[in-house]
Structure formats: C-alpha cells, structure tokens
Amino acid sequence: MKTCLVVDDSKVIRKVARHILETLDLQVREAGDGREALEACLEAVPDVILLDWNMPVMSGMDFLRALRDANLPRRPRIVFCTTENGMAHIRAAIDAGADEYIMKPFDRDTLESKLQLVGMI
Amino acid sequence: MVQSASSGQSLAVLSALLEARTGQQIASHRSTRVDTVLLPLMRERRIETLDQLVYAVLDGRDPHLAGRVIDALVNGETSFFRDRHVFDNIVEVVTEVERAGRRARIWSAGCSTGQEPLSLAMIFAERQETHGTPMPEIVATDVSEAAIARARSGSYTQFEVQRGLPIRQMVRWFEGRPGNEWVARPELLRHIAFRQMNLTIDPAPGGSFDVVLCRNVMLYFAPEPKKRAFHTIAGAMRPTGLLILGAGETVMGQTDLFQLASAGRGMYQKSDMGDPAPRA
Ligand SMILES: C[S@@+](CC[C@H](N)C(=O)[O-])C[C@H]1O[C@@H](n2cnc3c(N)ncnc32)[C@H](O)[C@@H]1O
C-alpha cells in the first residue's frame, strides 16, 4: 500500500483529502504545517506528499528546501495542492521540484487524475 | 418549479429526437438523468415541465431549441490523455507512416470539447520540437455544435484542465485567464481542424486517415446507426489504418468491416469486408 502525507493547515481539507485518498487505497498520514511534515518524513518517508503552500510555522516552499537538505533515503513524489493558481506560482513550484500541482478547490477526479500522473495509482 | 416526474410520452419524443439526430438511444435507466441534464436549459427558457419543453420543441417556433436539447442530452464526458497507453500506440503508427515518407492523418471522431485532439496536438508538437518530425494533420468532429464551439475556443475550466493533463504540459500549452479559465495557445489549436459532423448521417471528412479515434461515442447508438457509422469510418480509412474505440467497446457482433488489430486491446483494422480487394 502506498503512503501519502497530507500537509495542510486546514483540518477540513485534510479530512476531505484523507477520505478520498483512502478510497483510492492509499495509507494516509497528516501534518498541519511544514515543520510537522518534515518530522513525519524523518520518521518514515511517504511515497507521495500532498503539499499546501501557505501554512503557519513553515510554508510548503520552505518545507521543500528543508526536505532537500534532509537527504532522505528516497525522494517522495511532491504534489502541490494550493489556492495559489497563477502561472508564476506554478512555475516556481515546478522549479523547486514539484512533480504535480493541484489548484484548489479539488474534487475526487482531480486528486485521482494527479495521483495517476505521479504513478501512485 | 420543475416537476420531477416526466411523462412517458415526453420521454418518448425526446428519445426519438435524440435518435434521429445522433443515432443514440436513451436507455430507460437513464430517464432520471434526462430531467437533470435538461434543467438548466428549461430554467433559461422559463419552461416548467418536460412536457412543456417537448411542446416547445415540436411547435418549432424556436429553431435552435431542438439543437440545444440534443447538446444537453449527449454525454460529453472526456479528459486529456484519456487511457494514456492509446497515445503511445498512435505515436507508433504515425512513426510508421513517416517512415513511408508520408504525413500522417488522424481523425478524432466524437471529440466532444476537444481534449482528445488537443492531447494529440501536444504530443506531436513536442515531438516536432525534439525530433524535427512533421506535424500530422488532425481533424476533429462532433455532432454537438456546443461541443465543437467550445473545442474551437480551446477554453477549459480549472477542473477540466486538471483532468489527465500533466502540469508541465499545462504550463507549456495553456494560458491562464481571469475567472479560473485556461485557454489552449493558438499555436496548438491551429494544428486541429474542427468541424461539426454527425457520424450516422454526414459524409466523413475528405481524404483517408491513418488513425481514427472514435472512443466512447457509439456506446448508446442503436444498431442501424452504428452500422452506418462504422461504414462511414471504414470508408475514410487507409487500408492499413487503425481504428481506436473506447476501453469498454468492441466491434464484435456490431460490424464485420473491422477486426481486432495486432496493436492490442481496443484497436481495430479493416477486415477484408471493410476493404475489399479490387476485382480483376
Ligand atoms: C463521451 S464523449 C467522448 C469524447 C472523447 N472521444 C473521449 O473518449 O474522451 C461522446 C461524444 O460523442 C458525440 N456524439 C454522439 N453522437 C454522435 C454522432 N452521431 N456523431 C458524432 N458525434 C456524436 C457526443 O456529442 C459527445 O461529445
């Protein structure tokens, strides 16, 4: 079973995402900000990370940088999932190493399609 | 308020209209859907019941109404790069054609809002950049005026642009507009010739094709219109051409013009019946 770490400061979004991801047969863990996410990754590297951009304590972008410095045994797939939906943000995310990008709001089809694109289902 | 119970007679009229215009049948289990999909049109025209809508269509004072009803009734569900492996097969066929020194021709029949031909255009435009290969000719048709108009505009909602389309290709080939609208770049759109066409009635686009995609289009066709559509497609294909149907579709028991191609599941080539050898 593939594992997905859902990183979002909104409990509601995490809950919705978890629900969808579990029906897609992924095992889900949650983190409320970049720092928590980093701790979770050091514990066990997930297969894919669903990553919000704007979060308190540590943003999605800062998390990506920290993740690179952490030298994990393997690289998780990164799927940004954010309300930032301008071209400039999307380009910056790709440059920072994101594999895919979801513009919120998302639905089941969006999540399923993007996870397919990164080879998780 | 719109009444949810639709009379059997009205359904019968709508069903006959749909079949006459598209060859499609309304399966009885979909009758609840009929109310739902027609609701927005009925609201717009201030029509309250399905019966009234049918009267309005039949009295013919609004010549566009029947077309609008058809547009609403046909299922236009689609996405970018639907069944991805299919596109690898098409690249193989096109490569073969290029080896033979020709420019390939592809027909997307039943293209809905254009995601299928645009996926093809992206693949081959990128291949042109990296390999210097020629762009195949892409023709895209659909019976629905509304679908073809949207396909031509290349404009997609945020939801549509996130179904099947890798983010790098979205960045490369689409422009963001205010209101979460994403529009395919003109240099991509110009590779596709869009045309309104009814597969069960109209003649095929001119010339012959190396690849015809007719995916998830004929699922609800009645037997006779289906036969006619296969006939039209066979007539528009080169002897070595490939017909691609949707993942759950088959020619088995539907037509003897086609047979399974060696290329794999969902791929068909003309049989001897579909491409009779010239007689001496
Ligand atoms: C479910 S969509 C499939 C779109 C695309 N081929 C795909 O597989 O994603 C079916 C399309 O077939 C079109 N269609 C239905 N009857 C047709 C007919 N008689 N001639 C041409 N197109 C037709 C509908 O308008 C609709 O856009």
Segments classed as helices (runs of 4 or more DSSP H), wholly inside region B:29-108, with at least 3 members that are open to solvent by less than 40 Å² (accessible area, probe 1.4 Å), within 30 Å of B:Ile233 (Cα to Cα) and within 16 Å of the ligand (Cβ to nearest atom):
B:65-73, B:85-99
How many residues does region A:76-98 contain that are open to solvent by 20 Å² or more (accessible area, probe 1.4 Å), facing chain B (nearest Cβ under 8 Å) and closer than 18 Å to A:Asp8 by Cβ?
1
Keeping to region B:123-146, report how many residues are aliphatic (A, V, I, L, M) and in contact with a strand residue (DSSP E or B) (Cβ under 9 Å, 6 or more places away or on another chain).
4
For region B:249-269, pairs from a residue that is modelled with pLDDT under 90 and outside any strand (DSSP E or B) to a residue that is open to solvent by less than 50 Å² (accessible area, probe 1.4 Å) and basic (Lys, Arg), with Cβ under 9 Å and 6 or more apart or across chains, are B:Gly266/B:Arg215
So for region B:228-243 (the condition being within 13 Å of the ligand (Cβ to nearest atom), touching a residue at least 40 places away in the same chain (Cβ under 8 Å) and open to solvent by 50 Å² or more (accessible area, probe 1.4 Å)), does at least one residue qualify?
yes
Being out of contact with any helix residue (DSSP H, G or I) (no Cβ under 9 Å at 6 or more places or on another chain), small (Gly, Ala, Ser) and closer than 30 Å to B:Trp173 by Cα is the requirement here; does A:Ser59 meet it?
no
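Yes/no matrix, rows are residues, columns are (1) within 14 Å of chain B (Cβ to nearest Cβ); (2) in contact (Cβ under 8 Å) with a residue 60 or more places away in the chain; (3) aliphatic (A, V, I, L, M):
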site	(1), (2), (3)
A:Val45	no, no, yes
A:Asn54	no, no, no
A:Arg65	no, no, no
A:Arg74	no, no, no
A:Arg108	yes, yes, no
Among (1) within 14 Å of chain A (Cβ to nearest Cβ); (2) within 19 Å of B:Ala104 (Cβ to Cβ); (3) not β-branched (Val, Ile, Thr), there is one condition B:Arg190 misses while meeting the rest; what is its number?
(1)
Scan region B:147-173 residue by residue and report those that are open to solvent by 50 Å² or more (accessible area, probe 1.4 Å) and more than 20 Å from B:Arg84 (Cα to Cα).
B:Ala149, B:Arg150, B:Arg152, B:Ser153, B:Thr157
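The values are calculated or read from the model by the stated rules, or taken from the named source; none is laboratory data. Only a predicted model underlies this, so the values are computations on that prediction, with no experimental measurement involved. Ideal geometry is used to build each Cβ from the backbone, glycine not excepted, and the neighbour counts take in all protein chains shown. Just so you know, the surface numbers come from the protein's heavy atoms only, side chains and all, with ligands and any DNA or RNA stripped out. Shrake-Rupley method; radii C 1.70, N 1.55, O 1.52, S 1.80 Å.
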